[in-house]
Every structure is written in C-alpha cells, then in structure tokens.
C-alpha cells in the first residue's frame with residue numbers, strides 16, 4: 001500500500017511538471033480563454049475577500065499583542081507600526097493569503113476538475129476538440145497569479161488597520177505615530193518582494209490544484225482524497241518556496257544584486 005502511494009505521488013509530481021510546462025507554452029502562444037479567466041479572477045479575488053480580510057484583521061491584532069508588550073518594556077512602543085509593516089509585507093501577508101487561497105480556491109479547483117475527470121467530462125472536451133489545459137487550467141493559473149498580489153495588498157492594508165486599532169487601545173500609540181513608523185521603514189523593495197512572492201504562490205497553488213484534479217481516480221472517494229492531497233501539497237509548496245524566496249530576496253548579498261539589476 002505504501003509503495004502504491006509513493007508511486008502515485010511520483011506520477012503526480014511528474015504530471016505536475018508536465019502540466020506546468022504546457023501552461024507556459026500556452027501562455028507564450030497567447031492562448032488564453034478570456035471569459036473563463038475573468039470568471040476565475042472574480043472567484044479568486046472578489047469571492048475570497050471576506051475570509052481574507054477577516055484573517056488580516058486577526059493577524060494584525062495578534063501580532064501587535066505579541067510584539068507590543070516586549071517593545072513597551074524596551075520603551076520602543078512608537079516603532080510598533082514599522083515592525084508590523086515589515087512583518088506583514090515580507091512574510092505574513094503573502095503567506096496567509098496563499099494559505100487562504102490554497103484552502104478555499106485550491107480545494108475548489110481540485111474538486112471541480114476531479115469531478116469532471118471522474119464523470120468523463122474531460123474526455124468529452126477532447127472529443128469536442130477543446131484542450132482542457134487551455135480551457136480549464138490556464139485561466140485558473142492566470143487568475144491566481146494576477147489576483148493573489150491584489151488580495152495580498154488588501155490583506156496588508158487591513159492588517160495594518162487592525163494592528164493600529166490594537167496598538168492605540170493597548171499601548172496608547174496614536175495612529176499618527178503608528179503609521180508614520182510604518183512609512184519610515186517600509187520601502188518599495190519590500191512591496192515588490194511581497195508581489196513576487198504572491199505571484200509565485202498563486203501559480204504554485206493553481207498548478208498543483210489543477211494537476212491533482214486532472215489526475216483523480218477512484219470515484220467520489222478519490223475526489224475527496226485528491227482535494228485533501230492538493231491542499232496539503234499546495235501549503236507545503238508555499239512554505240518551502242517561501243524559504244527560498246526569502247533567502248533570495250532578503251539575504252544581504254542577494255538583495256543588493258537584485259536591486260541593482
């Protein structure tokens with residue numbers, strides 16, 4: 001049983017790389033279904049805002065609770081805004097938006113495409129001379145790659161507002177001091193790095209989720225297993241890629257070379 005699972009996982013990894021290559025080829029050829037892409041952008045962007053913004057407020061508030069006490073002891077309470085801004089921009093905002101997207105939209109992608117695979121709707125698309133990669137996968141990849149940075153920025157803004165409210169109530173840091181501190185430490189490079197991470201996370205989530213859906217077998221039970229596996233794989237991909245992106249973007253030597261470039 002374990003060997004079968006390992007074999008299945010290796011097959012899906014290979015299929016995922018091949019799927020990613022096909023997506024790149026379609027994008028380079030300019031073959032994008034605009035109607036499907038706009039529909040998926042609405043799903044990924046607009047429909048995910050409520051849960052994302054609620055999460056942002058919570059993240060901003062609990063970060064201030066954890067960090068504020070230590071800074072208050074050191075008489076550095078006025079730096080709360082800068083600390084939160086850097087934490088959200090460099091790590092928390094891209095990571096949390098990616099996790100929310102993987103749990104909400106990634107699972108939906110896998111379940112939808114898995115159902116189509118089980119019910120032979122994918123084969124029907126081939127019979128109608130419609131490539132499912134072009135029709136189903138590319139719009140989702142483009143939507144995730146474009147909308148996750150937008151959602152990330154909204155997450156950042158909302159998290160800062162929530163953190164500012166908590167800082168004013170708990171540590172008596174005025175909104176002016178709070179946001180002025182954030183303005184002083186936050187740079188355009190930090191925002192660019194957040195966007196780069198968000199685009200990478202969005203593409204990974206879409207490719208992994210669609211791949212798990214298209215390789216679903218075993219009826220309705222297989223759909224559930226694929227959906228769970230896709231969410232887990234997408235989150236692992238986010239965590240692992242976040243480490244390498246952070247090392248590439250924020251380590252001293254690498255960040256200097258990238259800024260000069």
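The values are calculated or read from the model by the stated rules, or taken from the named source; none is laboratory data. All figures in this text were calculated on a predicted structure; none of them were measured in a lab. Every residue, glycine among them, receives a Cβ derived from its backbone with ideal geometry; neighbour counts consider all protein chains shown.
Checking the condition part of a helix (DSSP H, G or I), under 23 Å from residue 226 (Cα atoms) and modelled with pLDDT of 85 or more, which residue from 44, 59 passes?
Residue meeting the stated conditions: 44.
Which of (1) part of a helix (DSSP H, G or I); (2) crowded, with 18+ Cβ neighbours inside 10 Å; (3) more than 15 Å from the chain's Cα centre (by Cα) is the odd one out, the single condition residue 201 does not satisfy?
(3)
If you check residue 193 against the conditions, is it within 13 Å of the chain's Cα centre (by Cα), in a helix (DSSP H, G or I) and at pLDDT 90 or above?
When the stated conditions are applied, residue 193 does not pass them.
Quickly run through the stretch 108-140 and pick out the residues that are closer than 18 Å to residue 27 by Cβ and part of a helix (DSSP H, G or I).
Passing the criteria: 109, 132, 133, 134, 135, 136, 137, 138, 139, 140.
Given the condition without any contact (Cβ under 8 Å) to a residue 12 or more places away in the chain and within 20 Å of residue 223 (Cβ to Cβ), answer yes or no: does some residue in the stretch 127-142 qualify?
Scanning the stretch 127-142, I find no residue that is without any contact (Cβ under 8 Å) to a residue 12 or more places away in the chain and within 20 Å of residue 223 (Cβ to Cβ), so the answer is no.
Among the residues in the stretch 162-172, are any assigned to a helix (DSSP H, G or I) and more than 20 Å from residue 57 (Cβ to Cβ)?
no
Condition first: assigned to a helix (DSSP H, G or I), at pLDDT 90 or above and within 11 Å of the chain's Cα centre (by Cα). Can you find one or more residues in the stretch 205-215 that meet it?
There is at least one residue in the stretch 205-215 that is assigned to a helix (DSSP H, G or I), at pLDDT 90 or above and within 11 Å of the chain's Cα centre (by Cα).
For the stretch 25-38, give me each residue that is exposed (fewer than 14 other Cβ atoms within 10 Å of the Cβ) and assigned to a helix (DSSP H, G or I). Outline the logic, then answer.
Let us first name the residues in the stretch 25-38 that are exposed (fewer than 14 other Cβ atoms within 10 Å of the Cβ), namely 25, 28-31, 34-35, 38.
Correct list: 25, 28, 34, 35, 38.
Any idea which of 82, 145 is at pLDDT below 90 and either within 20 Å of residue 193 (Cα to Cα) or touching a strand residue (DSSP E or B) at 6+ places or on another chain (Cβ under 8 Å) (or both)?
Of the residues listed, the single one that is at pLDDT below 90 and either within 20 Å of residue 193 (Cα to Cα) or touching a strand residue (DSSP E or B) at 6+ places or on another chain (Cβ under 8 Å) (or both) is 82.
Determine whether residue 54 is at pLDDT 90 or above and surrounded by fewer than 18 Cβ atoms within 10 Å (Cβ to Cβ).
Spelling it out, residue 54 is indeed at pLDDT 90 or above and surrounded by fewer than 18 Cβ atoms within 10 Å (Cβ to Cβ).
Among the numbered conditions (1) surrounded by fewer than 17 Cβ atoms within 10 Å (Cβ to Cβ); (2) in contact with a helix residue (DSSP H, G or I) (Cβ under 7 Å, 6 or more places away or on another chain), tell me where residue 128 comes up short.
Every condition holds for residue 128 apart from (2).
List every residue pair whose Cβ atoms sit under 9 Å apart, with the two residues 6 or more apart in sequence or on different chains, where the first one lies in the stretch 220-232 and is on the phi > 0 side of the Ramachandran plot and assigned to a helix (DSSP H, G or I) and the second, anywhere, is surrounded by fewer than 13 Cβ atoms within 10 Å (Cβ to Cβ) and modelled with pLDDT under 85.
none
Would you be able to tell me the number of residues in the stretch 68-82 that are surrounded by fewer than 18 Cβ atoms within 10 Å (Cβ to Cβ) and part of a helix (DSSP H, G or I)?
Residues flagged as surrounded by fewer than 18 Cβ atoms within 10 Å (Cβ to Cβ) and part of a helix (DSSP H, G or I) within the stretch 68-82 amount to 5.
Only residues that are within 22 Å of residue 41 (Cβ to Cβ) and surrounded by fewer than 17 Cβ atoms within 10 Å (Cβ to Cβ): list them for the stretch 83-103, please.
103
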